[in-house]
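Enquirer: Below are the structure tokens for one structure; questions will follow.
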Amino acid sequence: MTQNGRIKRFALILSIVFLLAAVISMHAEAADVEAENLSKRCKYEGDFSVHADRLRDDDLDSAQRVNKGKTLSISWKDDVPVASVFLSFYYAPVAYTVMQFDGSGNKLSEDPGILLYNNLIETLPETRKVSIRAEEDNCAFCSLYAYGEGTVQDYHPFRPTIEKADFLTFAMHPDDEVLFLGAIYPIYETQRGLSGLSIIMSTKLPEKNQRLRRQEDMNGAWTLGMKTQPVFGGFPDIPQDYYSKFKHTFTADDVKRYVATQVRKYRPEVVVTQDVNGEYGHWQHKVLSEGVQAGVKAAADPNYQPKGYEKLEPWEVKKLYIHLYSQNKLTLDVNAPITELGGKTAFEAATEAYQWHRSQTKNNNHFVSTTEYSIAEFGLAYTTVGEDTAGVNDMFEHVDPMTLSVTPTPEPTPEPTDTPALTDTPEPTAEPTEVPTEEPTAPPTDTPAPVETPVPQPTEAPAPQEPSGFSDMWVLMIGGGLLLLLIVLLVALLIARKRR
């Protein structure tokens, strides 16, 4: 064989090797393909009357109640390639047990279930039935699906709720944590590695989509980089037009008692909440801001015990930041690329997260902004460690690094002042009626009913763009592969010419 022939043969071999590598890479990426829903090929049963249509429809507000000690099962035949079972709670997750059985009814495993709203149970190769036993009352499932290989869109592997948080955020409605507090988690949890927890106050909604709103919030939270599933407070959502009729169902003292309890429970160093003026003037945002300020201070008072809540040890928050607060201003850098988010900025992450709130984006004209209601602008409303240094723009400035889950990058700052800056928040004169801690207290029925409160019709807005997905990766991968192949062939041809 001539020298030129050997070079051509070598180039051909290189091309084949590259193409094989590309095929293998594409096969690996195929694991990111959305899993096929195989539920219609499965059988639903239990030791009670099971309504399978409520478990495998697309309506998150239809649910199957499972009484304590009762068992719900989903099974399939050998020719159904089930790889996982997806289980979602309608109300807050309660204790349950997962059991897997083979085709002959032999038990393969029995494990306590993970306490997430959405759970993915990986099935063993020989499993043909998965059974779920409720270990507590107030248990209701809105979904029980069987999936093949691939990813399940609404499942996110949130970690169990943390015992101590570095920071807490309190937002009024599910989308408010993105629209107004959307930079906090990309910067402080994803980039800095601190431990945060989002608390959404209003999840008892007047429209029939309260479970949908929670799902949208969890999808958006994961996009923001949250590692812990949000906590949903169960307070009512009351539109502006119904303030005078329903204002007694949500007061600053309700918020104060709830916030003081959550602060004592999760013991954060920093708390962040919404604008005292309610951003665009929403009355519930205003009540939230007032109640959070009072609750943060009450949490540190050993003589304060909120009626109707468990007794917990007092906890002193080091700093409280309020969105758009006019004093002791701080501006977050929301346009810096974040490596842990693939180079996206905090602003881009918040914008993408808001797209998950489809029930809201189609009905209003709100959007993530760095101008009006900027996600970058906050002010220090309360501190026990001294005021911030101008220009540092760090919510954890002066906070002892030894109290945090990770040690943040130190910033040169002066010694904290001796006198903490406190906001003046009037104390309410009387205790209103009790409110739930995390969920409405009424037990669910087989088909949970939404709260009957009229809702004004919002204005129309453009539909949101779909979050970027796996199709973009295919385009980049195939294009890059072809380009690399072309370079290999050109190099081979150049070598061949030189050696003639």
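Enquirer: Quick one: which of Gln327, Gln284, Gln305 is over 20 Å from Phe167 (Cα atoms), in the same structural domain as Asp237 (by TED's automatic domain parsing) and crowded, with 19+ Cβ neighbours inside 10 Å?
Expert: Gln284
Condition check ((1) surrounded by fewer than 22 Cβ atoms within 10 Å (Cβ to Cβ); (2) in a helix (DSSP H, G or I); (3) in the same structural domain as Glu348 (by TED's automatic domain parsing)) across all residues:
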residue	(1), (2), (3)
Tyr185	no, yes, yes
Ile200	no, no, yes
Arg213	no, yes, yes
Asn219	yes, yes, yes
Phe235	no, no, yes
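Enquirer: Right, next: Residues being hydrophobic (A, V, I, L, M, F, W, C), closer than 23 Å to Thr383 by Cβ and in a loop (DSSP other than H, G, I, E, B): count how many of those fall in the stretch 243-276.
Expert: Filtering the stretch 243-276 for residues hydrophobic (A, V, I, L, M, F, W, C) gives 246, 250, 252, 255, 259-260, 263, 270-272, 276.
Within this subset, residues satisfying the condition of being closer than 23 Å to Thr383 by Cβ are 252, 255, 259-260, 263, 270-272, 276.
Now drop any that are not in a loop (DSSP other than H, G, I, E, B), which leaves 276.
Result for the stretch 243-276: 1.
Enquirer: Name, by its number, the condition in (1) at pLDDT 95 or above; (2) touching a Lys or Arg at 6+ places or on another chain (Cβ under 6 Å) that does not hold for Val259.
Expert: Looking at each condition in turn, Val259 falls short on (2).
Enquirer: Further question: May I ask you to list the residues in the stretch 371-398 that are under 26 Å from the mean Cα position of the chain (by Cα) and surrounded by fewer than 16 Cβ atoms within 10 Å (Cβ to Cβ)?
Expert: Within the stretch 371-398, Thr371, Glu372 qualify.
Enquirer: Continuing with the same structure: Consider Thr273 carefully, then state whether it is in the same structural domain as Leu181 (by TED's automatic domain parsing), surrounded by fewer than 24 Cβ atoms within 10 Å (Cβ to Cβ) and of a type in the set (Val, Ile, Thr).
Expert: In short, no.
Enquirer: For Trp356, are the conditions met, namely being of a type outside the set (Gly, Ala, Ser), crowded, with 24+ Cβ neighbours inside 10 Å and assigned to a loop (DSSP other than H, G, I, E, B)?
Expert: Yes; evaluated as a whole, the condition is true for this residue.
Enquirer: A further question follows. Looking only at the stretch 42-91, which residues are part of a strand (DSSP E or B) and in contact with a Pro (Cβ under 7 Å, 6 or more places away or on another chain)?
Expert: Result: Arg65, single match.
Enquirer: Next question. Would you confirm whether any residue within the stretch 99-108 is among the basic types (Lys, Arg) and assigned by TED's automatic domain parsing to the domain that holds Gly225?
Expert: There is no residue in the stretch 99-108 that is among the basic types (Lys, Arg) and assigned by TED's automatic domain parsing to the domain that holds Gly225.
Enquirer: Look at the stretch 58-79 and say how many of its residues are surrounded by fewer than 16 Cβ atoms within 10 Å (Cβ to Cβ), more than 23 Å from the chain's Cα centre (by Cα) and more than 24 Å from Glu135 (Cβ to Cβ).
Expert: The total comes to 3.
Enquirer: Can you go through Gln284, Gln293 and tell me which one is outside any loop (DSSP other than H, G, I, E, B), at negative phi and either without any contact (Cβ under 8 Å) to a residue 12 or more places away in the chain or in contact with a Gly (Cβ under 9 Å, 6 or more places away or on another chain) (or both)? Let's see the steps before the verdict.
Expert: On the way: Gln293 fails: either without any contact (Cβ under 8 Å) to a residue 12 or more places away in the chain or in contact with a Gly (Cβ under 9 Å, 6 or more places away or on another chain) (or both).
Going through Gln284, Gln293 in turn, the sole match is Gln284.
Enquirer: Now for a different question. Look through Leu168, Leu194 and report the one residue that is over 16 Å from Asp275 (Cα atoms) and either not assigned by TED's automatic domain parsing to the domain that holds Val368 or not in a helix (DSSP H, G or I) (or both).
Expert: Leu194
Enquirer: Residue pairs, Cβ under 6 Å, 6 or more apart or interchain, first in the stretch 140-167 and on the phi < 0 side of the Ramachandran plot, second β-branched (Val, Ile, Thr) and in a loop (DSSP other than H, G, I, E, B). List them.
Expert: Matching pairs, first to second residue: Ala146/Val82.
Enquirer: A further question follows. If you go through the stretch 98-115 one residue at a time, do you hit one that is in contact with a Pro (Cβ under 9 Å, 6 or more places away or on another chain) and of a type in the set (Lys, Arg)?
Expert: no
The values are calculated or read from the model by the stated rules, or taken from the named source; none is laboratory data. Note that the coordinates shown come from a computational prediction; the quantities given were computed from them, not determined experimentally. Glycine gets a Cβ as well: all are built from the backbone with ideal geometry, and neighbour counts include every protein chain shown.
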